[in-house]
Every structure is written in C-alpha cells, then in structure tokens.
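Undergrad: Sharing a structure below in structure tokens format, with a few things to ask.
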Amino acid sequence: MNSFTFTQATAVEAAVQDKAAHEGAAYIGGGTNLIDLMKENVARPTHLIGLKNLGLDNIENTPDGGLRLGALATNADTAYHPEVEKRYPLLNQAILAGASPQLRNMATDGGNLMQRTRCYYFYDLATPCNKREPGSGCSAIGGYTRVHAILGTSEQCIATHPSDMCVALAALDATVRVSGPNGERTIAFEDFHRLPGNTPERDNNLEPGELITGLDLPAKGFEKNFSYLKLRDRTSYAFALVSVAATLELDGTTIKDARLALGGVAHKPWRDKAAEALLIGQPATADTFRRAAAKVLEGAKGQGTNNFKIELAKRAIVRALKQATEMNQALDATAFQNSNP
Amino acid sequence: MSLITDYIGKPTSRVDGPAKVLGTAKYAAEFNVPNLLYGYVVSSPIAKGKITKIDSEKVRALPGVQEVFTHENVPNYAFLDRSYKDDVAPGGSPFRPLHDAEIKYSLQPVALIVADTFELARYAASILHIEYEEAAHETELTKHIDEAYEPGRGKTGYKPPKSRGNFGRGWKEGVAHMEGQFSHHAQHHNPMEMFASTVEWLGDKKLNIYDKTQGVFNSQQYVNKVFGLSKDQARVISKYTGGGFGSGLRPQYQLFMAVMASLQLERSVRVSLTRQQMFSFGHRPETLQHVALATAADGSLTGMNHFAVAETSQFEDFTENVVGWTGTLYDCKNVKLGYRLAKLDVFSPLDMRAPGAASGSIALEIAMDEMAYAAGLDPLEFRIRNYSDFDQAQNLPYSSKALRKCYAEGAAKFGWEQRTPEPGSMRDGNLLVGWGMGGGIWDASKQPAVVKASLDADGHLTVSSGTNDIGTGTYTIMTQIAAESMGLPIEAVTFVLGDTTLPESPLQGGSWTAASVGNSVVEACNKLGEALLKQAQKMDHATFKDAKIDDVQFVNGQMRLRTDLTQGIVLRDIVQASGEPKMEAENSTVLTKLEMLKPPKYSMHAHNAVFVEVKVDPDLMTVHVTRVVNAVAAGRIINPKTARSQVLGSVVWGISSALMEESVMDHRFGRYMNHNYAEYHVPVNADIHDIDVIFVNEEDDKVNPLGIKGIGEVGLLGVAAAVANAIYHATGKRVRDLPITIDKLL
Amino acid sequence: MSQFTQPTLERPPMALAPTQAVSLNINGKAHTLQIAPWTTLLDALREYLDLTGTKKGCDHGQCGACTVLVDGKRINSCLSLAVMQEGSEIQTIEGLGSEDNLSPLQQAFIDHDAFQCGYCTPGQICSAQGLLNEGRATTEAEVRELMSGNLCRCGAYSNILSAVMEVLGNKGAEAAGSQATPKKESKEGARQWAAGAASQSVPPVEPAK
C-alpha cells in the first residue's frame, strides 16, 4: 500500500483545487474500492482528498419530478430512501443485489460509478494488464474469463464493470452531475462509462480533476413493471455473471415502453436500445422477449470459459422481462431464488 | 436418574463461548507485546525460475525499516532436510523459506520486510525491487497423467491401497455396468484467521511464540530443529485458533520467518500473511479419478475399480487415502485400486478436512448412484444390498457399525420413500426437485496423549494437555469429561490447552482429539481419585479406611462410598488435609513399541449417510440445496450441541465443494487467479437452508473406553456426491467435474 | 527464459508521508493516535488500541470479520481509513457487552452455538447488531440475505440464523409491550451451585444405582 497524505475537503471547489495542486491525487468517498486497490498496489495515489464533509449526501426531489442523489449518499441510504423504494424500486433492487450490507453502508453513489473492474488479472501485479499498464498486454484473453465481457470487448481489454447499481441507472436514463477545474457539467449516463477500445486504462469520460457531485433520475421510474435479475456463483455477496435490469410500461398486454440493461457482460453497463425498440409496440410474450434477447446478444463473443454467458444472458433477459410483466400477478415459485429481497 | 455432575452426552454450551462472543479470545496475531516489530512477506510473481537481483536500497533507506530478509542474508540454519520435517511432513525434501534464489512455485515467499509498524512494512514491500529469470513451469495435471507414479513414500502411516480378487473377472460377471471419470480442482482451506506468528523476544534466545497452528508441539519441534533452540527457549502457545481444517497441521512459513527475524534482530516480531498468501501453501490436491463398477442381476457388486491421480509438488510426495475406502465401504470380492502422483510446480498439497476420503467419496458415491440407476435400483436400496458387515480390506470385524441405522433413520427423517426415481419427475411449481444421497466412512483413531489433573485446595480442578481447539469444542468436551469423571460441577473445572509447557498431546487432526485426549482425561482423573482416596485414608475418617478405588465414586463434589451413599467427604477437604496447595496426577497413553506393533483386532470406523434435496430452475439452471439430512454413526457423542455444529459445518463444506469451491489455476502463469475471498467462493448465509443432523445410537466398547469415534470429518463425506446425485435426479444431467457451476448445467 | 520484474511505482513519493494525529471516538471513549494516513480503521483498532476483538479475515472487504458499527451502521473497518472516521461514533465488539452483561445477541450466539472457531464471531455479532438497528429484516430469508456479508468458514450459518431470529423475535415482542426477555442461562445460579458443592452445603443427591 502506498504512502500518501490525506486532507478532508470541506467544499467542492476546494476539493477540485486540492486535486489540481497534487499530482497523483485521488478523491475518496466510501473507499470500498479505492482502498482495496491500494492494498493490492493497483492504485497508488500520493494524496487523498476526503469527500465526506462536502454535504453531498442529500437525496431530494427535483422540480421536474425527478430525484437527485447526492454523490456522497451511501448506497444503503439510497436503496432504502422512501422515494427510491416508492418511485424507483428497480434501483432499490439493483443496489441491494450488490456487495453486502456493510459495503453498501460505506459505498457512495458517486463511488459506485467509479468502481474499477474485478478482472483477476487487473488485480494481480504478477500478470500483465493493459488497464493497469497500457501496452503490457491483456492476460485475461486466453485465460480464465468467468467474470469477463462478451459484449463490446477489444483486443486490449475484456474486463467488465462490476456494478449492479449502474445497470439500473443505465436503464433509468440517469444523468451524472460533475464539477471540475472548468466548472460544472452533466453527462448522460450512457456516455459516462467507456468501452475499452484502445484506451482500456480509461473507465469513464471524466476529465482530469472532475468530481461527481450527484446523479439525477428523471421522473419516469417504471415502478409498476420492473425486474433486476442477478445470476452469480452463490446466492449473495458475489459479482454478477450476468445481471439484467428490465423495465416495462404496459398498456394491457402491449409494451408501450421498455428499458433493458445488462451487467457483468461488458466494460460498461450494457444498455441496448435496439433491443428495446423490438419490444416496444409488441405483446408482452415470451416470443417477443426472446427476440429482444437475441438482439442484445447478436454481436456477443465468448472468450472460452465465459462462452456460457451468452446463452445465460439470453435466458436471463427473457426471465427478467417475464418477471417485470408478471409483477402484479402471483409470482411463480422461482422468484425466491432469482430475485433479491 | 442422572446426577448433577453427569455431563457426558449433555448439550453443554461452549465454555469458551463468552470469550469468543466478547472478542476477548486472543488469536496468534493479537498478542500486542511491547516494542513489537512487524514483518510483511513479499511473494513471487512467477511459478518457476530464479531470483537474479534484489535491490533493497530504497527500502532500507526508509526510516523505521529494520531489515529486509531475503535468501541473500538469511543465515543458513539447520543443514539436513530432516530438521525441516514436521510431524506430518510427507516424504521428500521440505520447503525452506528464503533459502536460495530458486523459485519453485507461484506466490513463494521471497522476502520479509521488518519495520516498526505494519503500515510501513506493507508500504516498503510495495517498493522492493526484485528481478527474476523465468523458467518453463508445469502446473497442468491432465498433461502429466502418463508420468504419474506410485508413491513409495508418503506421510507417516500412509498405506498404498490394496486390491483384492480379480476385477476383470468381476466386471465380466456383472450384468450391469458403469464407468466414469471424475475430477475436481485444488481447494484451499482458507480458515477465517490468516496465518500469523507473534514471537515475543524474552532475551537470551528465549521466545514465547504465539502461533496459528493445530499442534503447538509440532511447531515447537520444528523451531527446535531448524534454529537449534531448546524446548525451554521456544515455548509455543495457541489458545485459540481461527479455523484449521488441516491448514495448521504443518508449520507454515510465517513461523519460520517470525522466529528467524526475532533471533536476528533480538526483538519481538509478528508476521501475518495476507488472504492472497493463504493460497501460497498446502491445499487439497487437484485429483482425477476413474471408477468402474459392475453388478450381478440381484444388484450385488461383482467388481469395483477405483483409480486416482493427484498432484504433488516437485519436492514432496503428498499422499492421502483417496481410493482405499472403496475397498471397505461396500461388500465386493473383486476390487482393483490404484493411486498415483504427478509432480507439478506447485506447493505440496496438505491434508484438508477428510483428506482423501472427501475426494474419493465424491467419485465413489456418484458412481454408486450411477450404478444404482444402471442396475434399476433405488440408490439407498442398492447400498443396503451391498452392505459390508465385515471389513474385507483389513480382514477384520468392525468394532461397531451402525450405518444401517444411519440409512434407516436418515431416510425416514428425509422422507426418502416418497422419491420417484425418474430424473426430472419431481417438481415444486416450476422448479425441478432432486433428491440424492451418499455416505462415507472415516477412521476412528486414537493417538497417545498425556493429561494432567490437578485439584486445588479451593476444590477447583484444572485439567491440562497441550492439545488444540480449532473450533471443534475441545475445551468444552474435555471440561465435561473431567467434571463427570471427578464428580465436580462444570464450573469448578477448567481445561487448559495450547501450550508446550503442558503435557504433550497430538496435533488436532484426523478426528482423533476427542478419543485421544478424552480417554486420557478420564485416566488422569482416575489416578487423581486414587491419590485422593489414599490421602483420605490418612485422615481421621474411618469410612474409607479399607476402601479400594472401586468402592468409591466421585459425585457432586464429593468422594462417596458406593455401599453407603450417605458417607462422603468433600474433595476440597482432602486436598486441604494434605497440607499441599494442590494434588496432582498425570496420565500418559503413550504406547510402548511392543504395543504399537500389536495387530489391531477390529476395524474401527465412523460412518454417515446423507440425504439432499436440491431445487433447480429449469431455464436458468441455478441450484439451491434446500434440505439436508445427515445421519452419523460415530460412537458416543460427548456433546450433542457442539457435535451437531461440526456436522452442520461439514454439510456446508460439502455444499461448497459440490457447487462453488475451486482454486482456479491459470496454467500460463502457473498461478491461482482467484486468490481472494471474493472469487474463491464459499457459501454465505443465504446459501444454507434446512440441515438436520442425526446421531444414531452406536455403542462401542472396543474402540476406546469412552466409545468415541470422532466427528470432525465424517459428516463431510458423501455430501458433495449427494448434491451431485440430487442434481442428476432433478435435471438428468450427470456432472462428474466439480464444482457444479451454472455453466455445466446450461 | 524470460525476465520478470515487478512493476515499478508510477509515481514514487519523494519522501514517506508523515504520520498525523487522528482522533477517534470508540465505545464512548476518545482516543488520539499518531499514525500514518494510510492506517486502516481495522489496524488502528487492533495494532494501536489493542481492541483485537475486531478481526482481520481478508483485509479486502470480502469476509465481514472486521465489521464494526459507525454511528450505529455496520461497516467493514478494513476498507476505511482511520483518518476518515474522525467525528464518528465507533462501536466495536468490546463495546457491545461485558462478561457480566452479555448483549442479547452475544447470549443468543452462545445458546445457539452460533460459532465454532470464533474468529468470524465478533464480526457476525456486530453485523447482526447493525441488522437489528436497520430494522429491515423480519423473515428468515431476509436475515439470511442480510447476514450474507459475513463469511463463516466453520459453517455455523444455520445456528447464526437461529440466534439472530431469537433476538429479533424478542425485540419484536418487547416492542409489542410483552415482558419477554432473552433467555439466559442462570450464570449466577451456577456459580452459587459450584461454591455450594465445594462447601458441602448442597443437599445430598441420590447417586446412580
């Protein structure tokens, strides 16, 4: 673990200035991922800027009927916030499907977006990794790829984004609010995270020094028909092999609007608007769902040990859409094991 | 009626419970002795090759760094291999930490940095510059099957499996057959407590060593031999051990490092390993197995063939009994057994809960299920038809064997008779339901143990022996046995363990502690009783004047005359009358050479039968183990509460082995890639549902005086196979490569 | 043959960062430590304050053995820096109960044999206390899920579940105005019995025939 200095910032502007003043500085929210990475010597900041006193932990309604999540609100406080439970239950489910109660009490909403990949090779300094050291090679390709991507990969990197929360945020069309040396700006959620391409070392489109201050959720929360389905190697406290956020707006049995996003399959939360288009206007039937699933996985590429995820993802999409459709009907017995409390 | 001081067989709560729930129980890394230095281990990134350069200049320049130990500056201690051999070392040449530039396996320790604080040592480790020259490594077992050899040397007590009859003829005689190949990857014990040693420097090479171990005497003799220290100089203490499962049977390298650094720096030193480094030593070996079975028309086995190939290191022959059980558990004339090892560039494997048997029973018990289907029989009925009433492997009768009761009581509790045999035939809503079963056999063994019983003038009994309690309940059951033997209330009894200044006891493993130490506790108390009677006879107490030891009993804090129960004397008063602060007696069950050579008269084993229900989502193929009944025949159960917990834990281990646990090696790097708790999956609370434990009545006056067989391992046997068999019953998919993860069922 | 060198630091610090004073409020007591900024809360507790009841099981937030309560909420102390916790109320296992006054959870863990080696136990109990504080779990399924951030390699999960369910039930009963209190083995009674037996003040008991 690195040697570093620490300051507790008291204002956003001061934090941004502090970062600009220290080469190799990093912001720290809950610390659940950064400290882990520092202990592995993967992250080696020389100066840490604590954010907890910035007053960014509020969750409040916005004038346009949406909800603003402060970047420093914890994942647990967000999941259990009455407005989230009532209006954005998909987000509640996704957050609670991730990590553990302890980690959710520490991890912040902004930090959740900033999580780095769980790739074994990225975490292990004994193996080359383009994300850690650009140009050194990708050890995951040709290796053990159970947790790796099947969509949007490059020759440089096949890592996945590990978040559950972000899959729901992608489906809900959230907006990321940031502050930086050049002032404030907003980033559409789908533009926030990047695909690896030739720059796998960059996980997202934040500019140097920029700090996430909040997340805006639009008014539409799909609270009636939604499902967050997470498949993993044990029942809880494990990263997703495949996860699906599915939301529907139904008019009788016809799909009026739909959102579909996947976790555990790509370098970013994988939203597929083309597949959504195949759902909209169609009857909410297994056939429709299967067509959408096939569309999502159209360009999927297995890496060997993760080939199974292509078929698993298809089945998961169909199931999640079915669960979303049948929300108000009696749930079948499968619910107990495939959704999270 | 039972007496107030009858404790054996009662569900006494753990006597060490309060210390554990309050956080006052101290483990090896928690002795914060004054002026402590911290050691941090640097591990090799390569699997084979040599260290070509170490540049520690920057590290040494850091204020507070005391020393950087590498092979370049660690003194050569003992010269001979045998000095590095601990009590359970397999044949070969034991690994010597920081000995030379050679790298033998990935994550091998290559340097120890000692600094004033943990934070500094860890930081310093991150900037130590080491260069390596890599050599080609071999870690893939499947590529080395042809070179596998029959181990001539193994652990002490290892016996190569013995075939009998003529399998080829048995195979031909059979009318139904099964044949299959089974495999599982390496598994790491991963006890919750990471390995650590705190060495307290007391001056003049005198050390108190707080070690994470399953045997303080094993650690002590290792330190004595390697560093040339006397027993007085190296006292090893382990009062609490945060899980072992076999990992603490051999001294791990942090012990060497902490002692070495302490001797070199003449300071107190602690070395703790990281979770990643918990993958840098012994493990359950990857094992490939082949089983072929044949049955006659009546379902009786006509031939059994069980062959296993397991990995070992380049430097030691780690052996375990994988296939031998097959020749004992079922009745069959023609049994062919084979066991081979292949050398790979990995660390030597190490006994891990039910070593050998856990692996062997996976193959055997899945094979028995397959055979039952091939023979058209219910899997339980099939096993009953091939019940072994006589140990054909040893040619000995069983001292006792209540496996039939396990089958009957387990099946009844589970509701096995309602099972419909056809795969996929049972449902719960949309979910596929599968019922499977399995079982196993484990040695009931006993080792020499010395125990001292000491009664003080306040009437408090202290019983001591240098055994361990790795969570097994040793503190509690020994206290129960001593309290009942001496007729004292349990609150007036303290059992002391985990210290080399105590009488010598075997290391804790093999499910033998209860029998080994427990019977010796009874004997020590009996000897103390004799001393008390003698002393009473010296007193002005006519009652006991002519009494022999058989004429008295010890109950409710008194010694009483059996013939006149109103006549008694308080034990405390006897000690006080002696004029000494305490009265003591010691018992040793160490055998003479002649006794050791005596052939056994009985085959002594514990058995179990386990019944498992799984529910499988037919589309997503997620598996949940919803119900388990584990019926165990293990002789006398001293404490049904702690014993039940051991079996519950075994079931969790079985589920883990069946569904999630594997150390994944990337052969390009020769390195376990999931070397952490996030990706080396073991069950969490949400994975575990109803588990029923049954201890069937099994009285055995031959196995040992207390009739104990031990329950640390037997409960694990057959669980993983039963899960696999249940999955087959649910889905019709026969998976022979464990763990059965979702991808193997899609 | 190929060469392998451990990657060097991208930005080696010019000098070791100095230690700094960190004030922590633990179990109601104020402490000031002079420590490196990269000292975790877990190491501060174990190595600088001798509060070794909080355990290190992985040091990476993957096992829950280091669970403590910060402002009543359970967290993994291994993934928090001590310096980040200034101004918080930290509660460790040592602050939950004492030998003479075990907390209801501590007593229930003993009664239900909810541990074997005991190493994960303080974390399990702190986590369960956090679960009670949260008030989100009522059913067995919910408790299982919300206790899943704590590994137990001995596999005591079903007993942990029963222990937590018992306290949860009693808590519910208390909230409903019932007189129910946690079942406790009468420790004091046992002590008196022990003392009595030794001084022969107990009535003779009929021995086995």
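Undergrad: What strands (runs of 3 or more DSSP E), lying completely within the stretch C:58-167, carry at least 2 residues that are in contact with a Gly (Cβ under 9 Å, 6 or more places away or on another chain) and within 20 Å of B:K26 (Cα to Cα)?
TA: Those strands (runs of 3 or more DSSP E) span C:67-70.
Undergrad: Which of the following residues is closer than 30 Å to B:A115 by Cβ, touching a residue at least 60 places away in the same chain (Cβ under 8 Å), in contact with a Lys or Arg (Cβ under 7 Å, 6 or more places away or on another chain) and within 8 Å of another protein chain (Cβ to nearest Cβ): B:A47, B:A25, B:A29?
TA: B:A29
Undergrad: Among the residues of the stretch C:1-45, write down those that are within 7 Å of chain B (Cβ to nearest Cβ) and at pLDDT 95 or above.
TA: If the condition is that a residue be within 7 Å of chain B (Cβ to nearest Cβ) and at pLDDT 95 or above, then C:A36, C:W38, C:T39, C:D43 are the ones that fit.
Condition check ((1) free of Cβ contacts under 8 Å to residues at least 60 places away in the same chain; (2) within 14 Å of another protein chain (Cβ to nearest Cβ); (3) aromatic (F, W, Y)) across all residues:
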residue	(1), (2), (3)
A:P63	yes, no, no
A:Y88	no, no, yes
A:S100	no, yes, no
A:L103	no, yes, no
A:R118	no, yes, no
A:G137	yes, yes, no
A:A149	no, no, no
A:E155	yes, no, no
A:A159	no, yes, no
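Undergrad: Among the residues of the stretch B:50-77 satisfying the criterion of being out of contact with any Asp or Glu (no Cβ under 6 Å at 6 or more places or on another chain) and over 19 Å from B:A101 (Cα atoms), which is farthest from the other protein chains (Cβ to nearest Cβ)?
TA: B:Q66
Undergrad: Considering each of B:A686, B:A678 in turn, give the residue that is under 23 Å from C:S127 (Cα atoms), facing chain C (nearest Cβ under 8 Å) and outside any helix (DSSP H, G or I).
TA: Matching residue, one of B:A686, B:A678: B:A678.
Undergrad: Based on what the data block shows, is B:L80 out of contact with any Leu (no Cβ under 9 Å at 6 or more places or on another chain), over 30 Å from B:P489 (Cα atoms), of a type in the set (A, V, I, L, M) and more than 8 Å from chain C (Cβ to nearest Cβ)?
TA: Answer is yes for this residue.
Undergrad: I'd like to check something: does the stretch B:428-444 contain any residue that is of a type in the set (A, V, I, L, M), at pLDDT 95 or above, more than 25 Å from the chain's Cα centre (by Cα) and under 20 Å from B:A292 (Cα atoms)? Before you say what the answer is, go through the steps one by one.
TA: First, the residues of the stretch B:428-444 that are of a type in the set (A, V, I, L, M): B:431-433, B:437, B:441, B:444.
From the residues that got through so far, the ones that are at pLDDT 95 or above too are B:431-433, B:437, B:441, B:444.
Among the residues that remain, those that are also more than 25 Å from the chain's Cα centre (by Cα) are: B:431-433.
Now drop any that are not under 20 Å from B:A292 (Cα atoms), which leaves none.
The answer is no; no qualifying residue exists.
Listed here are the residues, each with its yes/no results for (1) away from chain C (no Cβ under 14 Å); (2) part of a loop (DSSP other than H, G, I, E, B); (3) in contact with a Lys or Arg (Cβ under 7 Å, 6 or more places away or on another chain); (4) surrounded by fewer than 24 Cβ atoms within 10 Å (Cβ to Cβ).
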position: B:G466; (1), (2), (3), (4): yes, yes, no, no
position: B:D469; (1), (2), (3), (4): no, yes, no, no
position: B:T494; (1), (2), (3), (4): no, no, no, yes
position: B:E504; (1), (2), (3), (4): yes, yes, no, yes
position: B:Q508; (1), (2), (3), (4): no, yes, no, no
position: B:G518; (1), (2), (3), (4): yes, no, no, no
position: B:Q535; (1), (2), (3), (4): yes, no, no, yes
position: B:M559; (1), (2), (3), (4): no, no, no, no
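Undergrad: For A:D109, all conditions in the list (1) away from chain C (no Cβ under 13 Å); (2) within 27 Å of A:K314 (Cα to Cα); (3) buried (at least 21 other Cβ atoms within 10 Å of the Cβ) hold save one; what is the number of the exception?
TA: (2)
Undergrad: Tell me the residue from B:R383, B:R404 that is without any contact (Cβ under 8 Å) to a residue 40 or more places away in the chain, among the basic types (K, R) and not in a strand (DSSP E or B), please. Before you say what the answer is, go through the steps one by one.
TA: Numbers: B:R383 fails: without any contact (Cβ under 8 Å) to a residue 40 or more places away in the chain.
None of the others qualify; the one that does is B:R404.
Undergrad: With B:V226, B:V236, B:V269 as the choices, which residue is among the β-branched types (V, I, T), buried (at least 24 other Cβ atoms within 10 Å of the Cβ) and under 24 Å from B:E316 (Cβ atoms)?
TA: Sole residue among the options that is among the β-branched types (V, I, T), buried (at least 24 other Cβ atoms within 10 Å of the Cβ) and under 24 Å from B:E316 (Cβ atoms): B:V236.
Undergrad: Name the residue that is surrounded by the fewest Cβ atoms within 10 Å (Cβ to Cβ), counting only residues in the stretch C:52-104 that are acidic (D, E), free of Cβ contacts under 8 Å to residues at least 24 places away in the same chain and more than 8 Å from chain B (Cβ to nearest Cβ). It would help to see each step written out before you state the result.
TA: Keep residues of the stretch C:52-104 that are acidic (D, E), which gives C:59, C:71, C:86, C:89, C:94, C:99-100.
Subset that is free of Cβ contacts under 8 Å to residues at least 24 places away in the same chain: C:59, C:71, C:99-100.
If we keep only those that are more than 8 Å from chain B (Cβ to nearest Cβ) as well, we get C:71, C:100.
Details: C:D71: 13, C:D100: 8.
Top of the filtered list is C:D100.
Undergrad: Give the residues of the stretch B:665-675 that are more than 18 Å from C:Q62 (Cα to Cα) and more than 11 Å from chain C (Cβ to nearest Cβ), sorted by residue number. Can you show your working first?
TA: Taking the stretch B:665-675 as the starting set, the residues that turn out to be more than 18 Å from C:Q62 (Cα to Cα) are B:665-671.
Result: B:M665, B:D666, B:H667, B:R668, B:G670, B:R671.
Undergrad: Any chance you could count how many residues in the stretch B:29-61 are buried (at least 22 other Cβ atoms within 10 Å of the Cβ), out of contact with any helix residue (DSSP H, G or I) (no Cβ under 9 Å at 6 or more places or on another chain) and of a type in the set (A, V, I, L, M)?
TA: Going through the stretch B:29-61 one residue at a time, the tally reaches 2.
Undergrad: I'm trying to understand the selection: among the residues of the stretch B:436-460, which are of a type outside the set (K, R), surrounded by fewer than 24 Cβ atoms within 10 Å (Cβ to Cβ) and not in a loop (DSSP other than H, G, I, E, B)?
TA: Selection gives B:D443, B:V450, B:S454, B:D456.
Undergrad: Against the conditions (1) aliphatic (A, V, I, L, M); (2) assigned to a loop (DSSP other than H, G, I, E, B); (3) within 14 Å of chain C (Cβ to nearest Cβ), where does B:V651 fall short? Just the number, please.
TA: In the conditions (1) aliphatic (A, V, I, L, M); (2) assigned to a loop (DSSP other than H, G, I, E, B); (3) within 14 Å of chain C (Cβ to nearest Cβ), B:V651 misses (2) alone.
Undergrad: Filtering the stretch B:291-308 down to residues that are more than 22 Å from the chain's Cα centre (by Cα) and either of a type in the set (K, R) or closer than 12 Å to B:R340 by Cα (or both), which residue is surrounded by the most Cβ atoms within 10 Å (Cβ to Cβ)?
TA: B:H306
Undergrad: Test each condition in (1) within 25 Å of the chain's Cα centre (by Cα); (2) within 14 Å of chain A (Cβ to nearest Cβ); (3) under 20 Å from B:S361 (Cα atoms); (4) surrounded by 20 or more Cβ atoms within 10 Å (Cβ to Cβ) for B:D737 and report the one that comes out false.
TA: With (1) within 25 Å of the chain's Cα centre (by Cα); (2) within 14 Å of chain A (Cβ to nearest Cβ); (3) under 20 Å from B:S361 (Cα atoms); (4) surrounded by 20 or more Cβ atoms within 10 Å (Cβ to Cβ) applied to B:D737, the lone miss is (4).
Undergrad: Can you name the strands (runs of 3 or more DSSP E) wholly within the stretch B:180-268 that have at least 1 residues being β-branched (V, I, T) and farther than 27 Å from C:H60 by Cβ? Can you show your working first?
TA: On the way: elements: B:196-201, B:207-211, B:234-237.
Qualifying strands (runs of 3 or more DSSP E): B:207-211, B:234-237.
Undergrad: Further question: Can you name the strands (runs of 3 or more DSSP E) wholly within the stretch B:19-112 that have at least 3 residues being over 24 Å from B:S247 (Cα atoms)?
TA: Hits in the stretch B:19-112: B:49-55, B:65-69.
Undergrad: If B:G17 satisfies all but one of (1) touching a residue at least 40 places away in the same chain (Cβ under 8 Å); (2) at the interface with another protein chain (Cβ under 8 Å from one of its Cβ atoms), what's the number of the condition it fails?
TA: (1)
Undergrad: Sticking with this one: Can you name the condition, by its number, that B:I638 falls short on among (1) among the hydrophobic types (A, V, I, L, M, F, W, C); (2) modelled with pLDDT of 95 or more; (3) assigned to a loop (DSSP other than H, G, I, E, B); (4) surrounded by fewer than 24 Cβ atoms within 10 Å (Cβ to Cβ)?
TA: Condition (4) is where B:I638 drops out.
Okay, residues lined up against (1) more than 16 Å from B:L112 (Cβ to Cβ); (2) in contact with a helix residue (DSSP H, G or I) (Cβ under 7 Å, 6 or more places away or on another chain):
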| site | (1), (2) |
| --- | --- |
| B:E193 | yes, no |
| B:D204 | yes, no |
| B:V216 | yes, no |
| B:L229 | yes, yes |
| B:G248 | yes, no |
| B:P251 | no, yes |
| B:M260 | no, no |
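Undergrad: Kindly provide the set of residues from the stretch A:120-135 that are within 21 Å of the chain's Cα centre (by Cα) and facing chain B (nearest Cβ under 10 Å), ordered by number.
TA: Selection gives A:Y120, A:Y121, A:Y123.
The values are calculated or read from the model by the stated rules, or taken from the named source; none is laboratory data. This one's a predicted model, so the numbers in the text were calculated from it and none came from an experiment. Positions of Cβ are generated from backbone atoms using ideal geometry, with glycine treated the same way; all protein chains shown enter the neighbour counts.
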